[in-house]
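J.: Okay, handing you the structure first.
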Amino acid sequence: MSGVLGGGGPPTAAVVARLPPTLASLGPQPGGAVVRVLDGLDRVPALPEGVDECPPSLVEAIDDVCRDFTEDHRFFRPSMVFGCKRQSVFHHRRASADNSKQNPKMLRILANGTAVHEVVQNYLGRHPGYWFAPESKVAVEVEGKLIRGSCDGVMIRRSDLYRFGVEIKSINDAGFRLLKSPKDAHVAQASLYARLHGLPWIVLLYWNKNSQDLKEFPVRYDPQRWEDTKARIRELGGYVDRGELPEYDVNTCSTEFCGYLRVCRKNGAPV
Ligand code: SF4
């Protein structure tokens, strides 16, 4: 049984029919064009008539978040679900991760990817025509298992509250040049976020780490992909419930970026 515990309501037909604007158009604009175009739109929408509610307690809100840290959540990550199956199962089991085998170059690559995310999030957060919610968190039970993660951001147009999700991928020049369409695992991940956040569209934005060029691919929510995703989660959940591990698969193993190398080797993988 699937249930949405967070995220927005179902999209209207009118919203579904609209493509998101290009992300390239949302970066800094020359000559103050953004200010002229968006004059008068940079306001929070008015409260409905008659609403005069005292704000909820911020102390309680902070306590809620702190309590969440101490609870024993076991969950799958959207960013892992479509990669190595063993990695997802280790993560759900809370196997001890060990990054000591990652070499300094890999750590620099990871840091570079994080920096690219922050740069893009900073650009999008400064566009006056949109609210940008970076790292939009979601926690949803799907097929009896908790899925928890953060979409890189949600853009919400101030004028009419139209919204779409953003997933950022940094990529080297060789991969970028070959990119004619988004990578399938990224589309699957984007579709999962679209479903969990109730968004009709997610834009996959690729950043070339060598040239700083950008490519973007709007991905529409696809109900068939959702069925495939549920099947994948049922499969992963089955391993968790039976206390088993998926077979080692050389095609999805990426030891450079995996924190479970040691435990995976102990469990028979030739890594
Ligand atoms: S070492 Fe390879 S096979 Fe094992 S969990 Fe990591 S990525 Fe998967």
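The values are calculated or read from the model by the stated rules, or taken from the named source; none is laboratory data. As the structure is a computational prediction, the values presented were derived from the model and not from experiment. Quick reminder, even Gly has a Cβ in these numbers, built from the backbone with ideal geometry, and neighbours come from all protein chains shown.
J.: Looking at the stretch 194-226 only, could you name the residues that are in a helix (DSSP H, G or I) and in contact with a Leu (Cβ under 7 Å, 6 or more places away or on another chain)? Working first, answer last.
T.: Initially, the stretch 194-226 is screened for residues in a helix (DSSP H, G or I), giving 194-197, 223-226.
Within the stretch 194-226, none qualify.
J.: For the stretch 227-271, name all the residues that are within 10 Å of the ligand (Cβ to nearest atom), touching a residue at least 12 places away in the same chain (Cβ under 8 Å) and assigned to a helix (DSSP H, G or I).
T.: Those that are within 10 Å of the ligand (Cβ to nearest atom), touching a residue at least 12 places away in the same chain (Cβ under 8 Å) and assigned to a helix (DSSP H, G or I): Thr255, Glu256, Phe257, Leu261, Arg262, Val263, Cys264.
J.: Something else about it: Among (1) over 24 Å from Lys105 (Cα atoms); (2) more than 16 Å from the ligand (Cβ to nearest atom); (3) modelled with pLDDT of 95 or more, there is one condition Tyr193 misses while meeting the rest; what is its number?
T.: The number of the failed condition is (3).
J.: With respect to Val120, determine if the residue is touching a Leu at 6+ places or on another chain (Cβ under 6 Å) and buried (at least 19 other Cβ atoms within 10 Å of the Cβ). Reasoning before the result, please.
T.: Values: touching a Leu at 6+ places or on another chain (Cβ under 6 Å): no; buried (at least 19 other Cβ atoms within 10 Å of the Cβ): yes.
No: the conditions fail for Val120.
J.: While we're here: Mind checking whether some residue in the stretch 156-176 is within 16 Å of the ligand (Cβ to nearest atom) and in contact (Cβ under 8 Å) with a residue 40 or more places away in the chain? I'd like the intermediate steps shown before the answer.
T.: First, the residues of the stretch 156-176 that are within 16 Å of the ligand (Cβ to nearest atom): none.
Scanning the stretch 156-176 turns up no residue that is within 16 Å of the ligand (Cβ to nearest atom) and in contact (Cβ under 8 Å) with a residue 40 or more places away in the chain.
J.: When you scan the stretch 125-139, how many residues do you find that are at pLDDT 90 or above and in contact with a helix residue (DSSP H, G or I) (Cβ under 6 Å, 6 or more places away or on another chain)?
T.: 3
J.: Here's another thing I want to ask about it. Go through the stretch 75-94 and count every residue that is within 16 Å of Glu244 (Cα to Cα) and within 8 Å of the ligand (Cβ to nearest atom).
T.: 5
J.: For Asn103, work out the one condition from (1) among the polar types (S, T, N, Q); (2) surrounded by 13 or more Cβ atoms within 10 Å (Cβ to Cβ); (3) within 16 Å of the ligand (Cβ to nearest atom) it doesn't fulfil.
T.: In the conditions (1) among the polar types (S, T, N, Q); (2) surrounded by 13 or more Cβ atoms within 10 Å (Cβ to Cβ); (3) within 16 Å of the ligand (Cβ to nearest atom), Asn103 misses (2) alone.
J.: Report yes if Pro48 is modelled with pLDDT under 90, of a type outside the set (A, V, I, L, M) and surrounded by fewer than 11 Cβ atoms within 10 Å (Cβ to Cβ), otherwise no.
T.: Working: modelled with pLDDT under 90: yes; of a type outside the set (A, V, I, L, M): yes; surrounded by fewer than 11 Cβ atoms within 10 Å (Cβ to Cβ): yes.
Yes; evaluated as a whole, the condition is true for this residue.
J.: Considering only residues of the stretch 88-118 that are touching a residue at least 24 places away in the same chain (Cβ under 8 Å) and of a type in the set (A, V, I, L, M), which is nearest to Arg262 (Cα to Cα)?
T.: Among those that are touching a residue at least 24 places away in the same chain (Cβ under 8 Å) and of a type in the set (A, V, I, L, M), it is Ala97.
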